[in-house]
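Notes follow the structure.
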Amino acid sequence: MMDRQLGLCLGYMAIVHGKEKAPLLLGRGGSRRGGSRGMVWRGGEQQSGCRRGVVFPPVVASWGERRGGRTCLRHYVMRYYQKDLDIVWLHHCLFCLSVFKLSLALSYLSGLIMDLNGFSFDLYFRKSPFSGEFTIFGGLEECIRFIANFKITEDDIKFLRSVMPTCEDGFFEYLTSIDCSDVEVYAIPEGYVVFPKVPLMRIEGPVAVVQLLETPFLSLVNYASLVTTNAARHRFIAGKSKNLLEFGLRRAQGPDGGISASRYSYMGGFDATSNVAAGRLFGIPIRGTHSHAFVSSFMDSSSLRGTFGETSHSELAAFTSYALAFPNSFLALVDTYDVMRSGVPNFCAVALALNDMGYKAVGIRLDSGDLAYQSVETRKFFHAIEKEFGIVDFGKMSITASNDLNEETIDALNKQGHEVDAFGIGTYLVTCYAQAALGCVFKLVEINKQPRIKLSEDVTKVSIPCKKKCYRLYGKEGYPLVDIMTGEDEPSPKVGERLLCRHPFNESKRAYVVPQQVEELLKCYWPGNSGNQREELPSIHEIRVQCICHLERMRPDHMRRLNPTPYKVLILDLNVIYVTNTDNLFVTQVLFCAIARDQVSVSAKLYDFIHFLWLNEAPVGELQ
């Protein structure tokens, strides 16, 4: 349920039953009856709020295929949110899997591969979304929760037997026995800024088990990273000072898609959501107003007394009713009839009345028309009221804008000049309207210390072989300069050490880099039986702060909406680094940077691996 639907119920009750029987929402100073956090009925009987006491049924969702984007959280997954809301139990693992991967598992078990252990896969993407040059990594926690509860049940096996009748009993016995105790997962922390070709996750373990994890992992990471990136881009365009409100539940791809969108929009920098369930599950602040239908449902003003001007009397009655229900959080939608001739004056009348009774209204929402012009004129109106009645800070009343906003419209508003304090964004945010999917891939890179490669006539689809370590190098000004990848056994880059960068396929393209700070990116989040120390999963609020901090550390030209400067991604060893597709080399401090659209590069050792494997694996044609 959306927050504004709860508000509408209270607003209608205030006018139908009268003020004495209407629920009071006392919201000052975080009181237990405050704002939209909770409500108390006259007579002292406490009712459930949106943060505690509400019993929500398990969310049953539709699970899409590996790309995730359009169907969001994915395939008959039942989530039970315990008292500890950070604990998410994912059941029915079978339905998170693809029949394609089950077929692969059977093929591995019945094939010629003798040792099915020691396989390593990289999960990464090839190109940043939305014509940009950065991505925010999301979905890691859900992947870890998934493998922590991975189990194929007897009921699952019964179904599989019915659809795979030719399989031997040994295969089904194997499926019932597997878990993820032999799997290891190394990943970049969730909420980090990430770039193409750098492994977001490295998954190691028995090949049949890891291949079964491919589809759920891709599904969980694809949409999460896409919508988090979309939210971060809106935050960058809007600026730090503006509030961003996620209003997309009604337009999301199903209820679970709405839950995921709310979660990852908040992680990417949004301030609040209208989604009550997301507020309860993840502790996201809830915001909302009323609808046009609420205002237009009032057909007369017989309950009002006084002399009125040209404003809509029924609209004034609606605002009065809503203010009775929400005296501390009164925010009115003012464009049902006429913004400047009716909506704003009516709001001010009710706000002045609330002020006389010791309450303070929040502001207005604009949902149509010329938002820049209307916001400027409304601000002038507020200042005039402040001056006329001597009410401190009335001129600073909040102005919220909505109406199918996206990056382009917010950018246009900034250029025109506006007085909007908050943006309510829905459809374009939660559906990722500008790009349907991120396109993450899951590629085999090593088997028992033997590097493996995927070749293609399209060089951008050639995989980077072997298990790798990833580092982020920072310059003197504190900005990240490059991300680099090394072989697992290669020494790490050192602060102040001058490193040569080279293109993996064009030896004539070279550059130098001298790092002032080195940060290792891949950390162990699921050690399996390896005994490695496990990283703790941070809360959604910690991830959000981390995301915002990382965005602020990036160079502005990497982040801009139009023609951003590509970020460099390298794979190095101590002596040589190779950088891809370099054009127009230039010097910054002691750094020789390469501007490139395809930013992948390899170390000297990895360079040799790639070319050796390429020549060894690719068939040789014969001319006749």
Residues that are among the aliphatic types (A, V, I, L, M), modelled with pLDDT under 75 and surrounded by 14 or more Cβ atoms within 10 Å (Cβ to Cβ): find the strands (runs of 3 or more DSSP E) completely inside the stretch 522-624 holding 2 or more of those.
568-572, 591-595
What residue, of Val163, Val221, is surrounded by fewer than 21 Cβ atoms within 10 Å (Cβ to Cβ) and of a type outside the set (Phe, Trp, Tyr)?
Val163
For the structure I just gave you, tell me whether Leu106 is modelled with pLDDT under 60, farther than 25 Å from Ala437 by Cα and of a type in the set (A, V, I, L, M).
no
Determine if the stretch 376-394 includes at least one residue that is in a loop (DSSP other than H, G, I, E, B), of a type outside the set (A, V, I, L, M, F, W, C) and closer than 22 Å to Ala231 by Cα.
no
Could you check, for the stretch 367-376, whether at least one of its residues is touching a strand residue (DSSP E or B) at 6+ places or on another chain (Cβ under 8 Å) and under 21 Å from Ile286 (Cβ atoms)?
yes
For Gly269, are the conditions met, namely being assigned by TED's automatic domain parsing to the domain that holds Ile364, part of a loop (DSSP other than H, G, I, E, B) and at pLDDT 95 or above?
yes
Within the stretch 419-498, strands (runs of 3 or more DSSP E) holding 1 or more residues that are free of Cβ contacts under 8 Å to residues at least 60 places away in the same chain, not assigned by TED's automatic domain parsing to the domain that holds Tyr373 and not hydrophobic (A, V, I, L, M, F, W, C):
468-474
Single residue of Met357, Met397 found to be touching a residue at least 12 places away in the same chain (Cβ under 8 Å), buried (at least 21 other Cβ atoms within 10 Å of the Cβ) and of a type in the set (A, V, I, L, M, F, W, C):
Met397
Which is of a type in the set (Val, Ile, Thr) and farther than 26 Å from Ile286 by Cα, of Ile425, Ile410, Ile399, Ile385?
Ile385
Residues located in the stretch 205-237, provided they are of a type in the set (A, V, I, L, M) and more than 17 Å from the chain's Cα centre (by Cα):
Val207, Ala208, Val209, Val210, Leu212, Leu213
For the stretch 291-312, which residues satisfy the criterion of being at pLDDT 65 or above and aromatic (Phe, Trp, Tyr)?
Phe294, Phe298
Consider the stretch 410-456. How many of its residues are within 27 Å of Pro255 (Cα to Cα), surrounded by 15 or more Cβ atoms within 10 Å (Cβ to Cβ) and not aliphatic (A, V, I, L, M)?
10
All conditions in (1) in contact (Cβ under 8 Å) with a residue 40 or more places away in the chain; (2) surrounded by 21 or more Cβ atoms within 10 Å (Cβ to Cβ); (3) out of contact with any Lys or Arg (no Cβ under 6 Å at 6 or more places or on another chain); (4) assigned to a helix (DSSP H, G or I) are true of Ala323 except (1)
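The values are calculated or read from the model by the stated rules, or taken from the named source; none is laboratory data. Owing to the predicted nature of the structure, the values given are computational and were not obtained by experimental measurement. With ideal geometry, Cβ positions are generated from the backbone for all residues, glycine too; neighbour counts draw on all protein chains shown.
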